[in-house]
């Protein structure tokens with residue numbers, strides 16, 4: 001039998017941001033690695049997906065039925081060595097990720113580790129925000145407790161505020177300060193953040209909507225694409241959904257500001273020596289003075305982001321539709337282990353969605369429901385899409 005030729009090996013380690021900051025990952029290790037299955041949605045049929053668990057054949061069959069064929073090889077690296085491949089593609093680059101690809105002799109075309117760390121540090125985003133007026137006014141980056149104390153003593157201090165560690169995904173480690181007393185209560189936390197690169201402190205804004213940009217920068221400095229979409233986050237700033245559609249009046253209102261800001265940031269990233277996938281988060285907030293304002297760049301991620309996944313799925317199964325990729329936690333949704341049972345529960349709505357994560361994954365000695373479920377919903381209209389979302393979530397969670 002002829003051995004399969006693997007073009008690209010894909011490995012997604014969602015703990016990338018925490019590892020850059022040197023944070024412990026034990027408590028979130030399993031749940032994060034389960035999200036590695038989302039790279040399935042970027043693989044071609046000549047590629048290899050490397051994961052840290054075993055997925056059931058039922059998931060592969062289900063995805064094929066939705067028009068997404070499997071990659072040539074799917075390897076649980078804890079049980080089997082990956083096949084040799086030409087190149088390696090990572091969610092984000094760390095020493096551990098490079099080691100994964102060294103085992104299949106894949107070429108890793110990536111920036112230097114120091115460049116990756118600099119780009120993904122919130123200090124980089126903060127400095128660009130100050131220089132170009134892209135972030136939240138009055139923000140401050142603190143590397144030491146002395147920096148924190150100086151900010152605390154500034155005359156124009158207003159509440160509420162939020163502390164964001166230098167490294168970590170959106171929402172991770174965010175601490176709100178609603179009064180002077182919260183400063184005193186935060187010293188142990190900020191000491192910890194100073195040991196891991198520092199932190200940003202800024203006004204906590206009354207967000208109206210969240211927006212997202214993704215792009216792909218080549219090593220020669222050319223940019224393959226820049227795309228904009230609406231993002232959905234919870235009250236702590238953590239992602240739970242992406243909306244992509246043929247038209248989005250909410251996004252269109254702010255798109256020129258996003259285009260201007262993204263061109264600046266991409267140029268600065270190229271100057272810094274970065275190339276590869278990237279994503280930027282933005283939000284629109286109520287100023288409290290009768291008008292709204294765009295904070296065009298509040299997060300810079302030198303890695304793949306969820307909107308890359310959402311865009312890929314949309315192009316493959318619903319290119320002309322209004323689409324929503326959303327997450328639901330295991331705590332809210334106890335899933336059966338059969339697609340037939342889910343179809344019976346959801347009825348006709350099952351034809352307007354794709355379940356992007358397996359119903360069960362195999363860890364060590366048992367099959368378990370993943371900690372989070374990723375859904376992709378699509379409809380002919382935006383209103384219809386969000387009605388569909390409400391109905392599906394209600395049926396799955398019994399809320």
Test of understanding: among 122, 118, 152, which residue is farther than 28 Å from residue 19 by Cα and surrounded by 13 or more Cβ atoms within 10 Å (Cβ to Cβ)? 152
Which of (1) free of Cβ contacts under 8 Å to residues at least 60 places away in the same chain; (2) in the same structural domain as residue 286 (by TED's automatic domain parsing); (3) crowded, with 20+ Cβ neighbours inside 10 Å; (4) over 18 Å from the mean Cα position of the chain (by Cα) is the odd one out, the single condition residue 228 does not satisfy? (4)
Checking residue 304 against (1) part of a loop (DSSP other than H, G, I, E, B); (2) at pLDDT 95 or above; (3) over 15 Å from the mean Cα position of the chain (by Cα), only one condition comes out false. Which one? (3)
Quick one: which residue in 335, 324 is surrounded by fewer than 23 Cβ atoms within 10 Å (Cβ to Cβ), in contact with a strand residue (DSSP E or B) (Cβ under 8 Å, 6 or more places away or on another chain) and either within 19 Å of residue 59 (Cβ to Cβ) or assigned by TED's automatic domain parsing to the domain that holds residue 371 (or both)? 335
Residue selected from the stretch 166-185 under the condition in contact with a strand residue (DSSP E or B) (Cβ under 8 Å, 6 or more places away or on another chain) and either under 19 Å from residue 301 (Cα atoms) or crowded, with 20+ Cβ neighbours inside 10 Å (or both), by the criterion modelled with the highest pLDDT: 166
Output the number of residues of the stretch 375-399 satisfying the condition of being assigned to a helix (DSSP H, G or I) and loosely packed, with under 13 Cβ neighbours inside 10 Å. 4
Of all residues in the stretch 187-201, which are more than 19 Å from residue 22 (Cβ to Cβ) and in contact with a strand residue (DSSP E or B) (Cβ under 6 Å, 6 or more places away or on another chain)? 201
Residues of the stretch 208-225 satisfying the condition of being farther than 17 Å from residue 277 by Cα and surrounded by 16 or more Cβ atoms within 10 Å (Cβ to Cβ): 209, 210, 211
Does the stretch 141-165 hold any residues that are in contact with a strand residue (DSSP E or B) (Cβ under 6 Å, 6 or more places away or on another chain) and closer than 23 Å to residue 238 by Cβ, and which are they? 141, 142, 160, 161, 162, 163, 164, 165
Looking at (1) buried (at least 16 other Cβ atoms within 10 Å of the Cβ); (2) over 17 Å from residue 323 (Cβ atoms), which is the only condition residue 256 fails? (1)
Please work out if residue 197 is outside the structural domain of residue 372 (by TED's automatic domain parsing), outside any strand (DSSP E or B) and modelled with pLDDT of 95 or more. yes
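The values are calculated or read from the model by the stated rules, or taken from the named source; none is laboratory data. This structure is a prediction, so every number in the text was calculated from the model and none was measured. Don't worry about glycine lacking a Cβ; one is built from the backbone with ideal geometry, like all the others, and counts go over all protein chains shown.
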